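> Sharing a structure here in structure tokens format.
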Amino acid sequence: FLPHLIASLEQVDQTYIMVKPDGVQRGLVGEIISRFEKKGFKLTGLKLFQCSKELAEEHYKDLKGKSFFPKLIDYITSGPVVCMAWEGVGVVASARKLIGATDPLQAEPGTIRGDLAVQTGRNIVHGSDSPENGKREIGLWFNEAELCQWNPAQAPWLRE
Ligand code: IDP
Ligand code: MG
């Protein structure tokens with residue numbers, strides 16, 4: 001009884017993951033989705049999408065003023081991206097670990113960036129940095145109707 005009560009109190013978070021245009025162009029969409037799918041998180045939203053300059057600027061608004069900001073916006077709008085919403089206990093921090101450091105040369109082998117990329121300006125994937133930003137970014141990139149609530153059959157095999 002008590003473990004179940006504690007488990008039910010554990011917070012389920014959401015994170016926004018995005019395969020950037022270079023990841024799409026390099027044919028890494030399946031590989032990247034697979035990392036999160038195999039880990040055991042729940043996919044609740046998925047689409048291929050060409051984003052506007054306005055949306056890219058809103059998404060990265062905290063970086064406005066950085067010298068690389070104009071190039072970053074050009075990069076993110078340079079082709080389609082794959083937008084994903086993922087859900088689970090601890091998903092935000094865990095996804096950041098799976099993604100690896102911002103600079104792919106510093107990212108550990110075994111991480112997505114550590115295995116598949118070589119430069120910060122072409123680091124193939126985005127992941128929200130906090131549960132608050134996870135919610136904010138999913139709200140920015142998805143309509144309510146594009147998100148699915150469902151019960152994965154494997155749930156009891158992932159968490160006791
Ligand atoms: P993160 O994606 O690991 O959270 P942030 O510092 O939030 O890293 O930066 C957002 C994105 O901006 C990075 O993923 C990268 O695409 C780009 N970026 C950050 N710093 C630089 C830089 O020094 N040069 C070029 N692009 C950068
Ligand atoms: Mg960030």
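> Between 0 and 90 degrees, rounded to the nearest ten: what's the tilt of helix 131-141 against the longest Cα principal axis of the chain?
60
> Which order do the peptides 30-41, 11-22, 146-157 take when ranked by the mean count of other beta-carbon atoms within 10 Å per residue, highest first? All intermediate terms of the calculation are to be shown ahead of the outcome.
On the way: 30-41: 16.3, 11-22: 21.4, 146-157: 10.0.
In descending order of packing, they fall as 11-22, 30-41, 146-157.
> Now for a separate question. Once neighbouring chains are kept in place and the probe is 1.4 Å, which whole percent of the accessible area of the chain is contributed by carbon and sulfur? Show your work: numbers first, answer last.
Working: 5170 of 9320 Å².
The value for the chain is 56 percent carbon and sulfur by accessible area.
> May I pose another question? For a quick check: with amide H placed at 1.01 Å from N, whose amide H comes under 5 Å from D13's, ignoring anything fewer than 5 positions away on the same chain?
Amide H to amide H, under 5 Å and 5 or more residues apart or across chains, D13 pairs with G88, V89, G90, V91.
> Can you compute the modelled spin-label distance between N143 and A101, with each label point 7 Å from Cα toward Cβ, in nm?
4.2
> Right, something else. Kirkwood Rh, region 92-160, all Cα pairs: how many Å? The partial results should precede the final answer.
Values: mean 1/r = 0.0713 Å⁻¹.
Roughly 14.0 Å, rounded to one decimal.
> Step through the table entries K38/K97; K42/K135; K64/K135; K47/K71; K39/K97, compare each Cα-Cα distance with 18 Å, and write down the pairs that go over it. Provide the component values of the computation, followed by the final result.
On the way: K38/K97 14 Å; K42/K135 15 Å; K64/K135 20 Å; K47/K71 24 Å; K39/K97 12 Å.
The answer is K64/K135; K47/K71.
> Which FRET efficiency value, to the nearest 0.05, do you get for L43 and E160 by plugging their Cβ-Cβ distance into 1/(1 + (r/R0)^6) with R0 = 22 Å? It would help to have the intermediate numbers written out before the result.
On the way: r = 22 Å, r/R0 = 1.00.
Calculated transfer efficiency: 0.50.
> Right, here's the next one. Please compute the per residue accessible area over the chain with all protein chains in place, 1.4 Å probe, rounded to a whole number of Å².
Working: 9320 Å² over 160 residues.
The answer is 58 Å² per residue.
> Considering the alpha-carbon set of the chain alone, what are its Rg and its Dmax in angstrom?
Radius of gyration, then largest Cα-Cα span, for the chain: 16.1, 54 Å.
> Applying 1/(1 + (r/R0)^6) with R0 = 41 Å to the Cβ-Cβ distance of W150 and Q50, what FRET efficiency is obtained, to the nearest 0.05?
Values: r = 27 Å, r/R0 = 0.65.
So, using R0 = 41 Å, E works out to roughly 0.95.
The values are calculated or read from the model by the stated rules, or taken from the named source; none is laboratory data. All values reported here derive from a predicted model rather than from experimental measurement. Glycine gets a Cβ as well: all are built from the backbone with ideal geometry, and neighbour counts include every protein chain shown. The accessibility values were calculated without ligands, DNA or RNA, using every heavy atom of the protein model including side chains. Shrake-Rupley method; radii C 1.70, N 1.55, O 1.52, S 1.80 Å.
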